[in-house]
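These notes concern the structure reproduced below.
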Amino acid sequence: MQPAFARAFAQLTTGIYVLTVREGERRHGMSSSWVTQVSGDPPLVMAAVDWRHRTHEVLRRTGRFALNVVGTRSKALEDYFYSGAARRPDNLDSVAWEDSPAGLPYLREAMVSLECRIVSEIGAGDHTLFVAEVKHVIERSQDRPLTSLDLEYVYVGEVIRR
């Protein structure tokens, strides 16, 4: 990516989330910042996932994910899922989680968790946009959501240090 593009994209504020999946007994989470609401009726969200990431094929096979909203008091979630320690297939052994009604991992430190069922996917360059209907929500705290402005780095297709 050209440096000017990277600097410009770094100014687009994004929320910080952990997208979690389950396939059989394996559970995995990944840091995710390219997420947005796309419809109110039905309630739909969109998550962009790099097609090279291990989670991508799990999403295609299972058609489901949980979206965990990271708050400022739970920044340790982002620190962990961004770190090298989380780059393994079953990486939830270091964090507290519970099953959603459909058996997806909800992270207990997240301020909000949403259970999502994928309704469509759209190829978009090196990512796939997974559009999903929100089936269940649990709220845990009244924290402020963590955003890309709170981090020392930003992901714009590559990691850029501020």
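Descriptive notes on the structure:
- Being part of a helix (DSSP H, G or I) and either over 22 Å from residue 158 (Cα atoms) or of a type in the set (Lys, Arg) (or both) holds for only one residue in 27, 22, 60, and it is 60.
- Taking segment 109-139 as the range and being assigned to a loop (DSSP other than H, G, I, E, B), of a type outside the set (Asp, Glu) and within 10 Å of residue 69 (Cα to Cα) as the test, the residues that pass are 110, 111.
- Residues of segment 26-76 that turn out to be touching an Asp or Glu at 6+ places or on another chain (Cβ under 8 Å) and either of a type in the set (Asp, Glu) or at positive phi (or both), as a count: 1
- In segment 72-91, the residues that are without any contact (Cβ under 8 Å) to a residue 12 or more places away in the chain reach residues that are crowded, with 19+ Cβ neighbours inside 10 Å with C-beta atoms within less than 8 angstrom, at least six apart or across chains, in these pairs: 85/91.
Yes or no, residue by residue, for (1) surrounded by 19 or more Cβ atoms within 10 Å (Cβ to Cβ); (2) touching a residue at least 40 places away in the same chain (Cβ under 8 Å); (3) not polar (S, T, N, Q):
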{"residue": "3", "(1), (2), (3)": "no, no, yes"}
{"residue": "11", "(1), (2), (3)": "no, no, no"}
{"residue": "20", "(1), (2), (3)": "yes, yes, no"}
{"residue": "23", "(1), (2), (3)": "no, no, yes"}
{"residue": "27", "(1), (2), (3)": "yes, yes, yes"}
{"residue": "30", "(1), (2), (3)": "yes, yes, yes"}
{"residue": "34", "(1), (2), (3)": "yes, yes, yes"}
{"residue": "37", "(1), (2), (3)": "no, no, no"}
{"residue": "45", "(1), (2), (3)": "yes, yes, yes"}
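- Residues in segment 125-158 that are exposed (fewer than 13 other Cβ atoms within 10 Å of the Cβ) and over 25 Å from residue 93 (Cα atoms): 125, 126, 142, 144, 149, 152, 153, 158.
- Of the residues making up segment 95-108, those that are among the hydrophobic types (A, V, I, L, M, F, W, C), in a loop (DSSP other than H, G, I, E, B) and out of contact with any Lys or Arg (no Cβ under 6 Å at 6 or more places or on another chain) are 95, 102.
Every number in this text was worked out from the coordinates using simple rules, so none of it is lab data. The structure displayed is predicted, hence computed values, not measured ones. Every residue, glycine among them, receives a Cβ derived from its backbone with ideal geometry; neighbour counts consider all protein chains shown.
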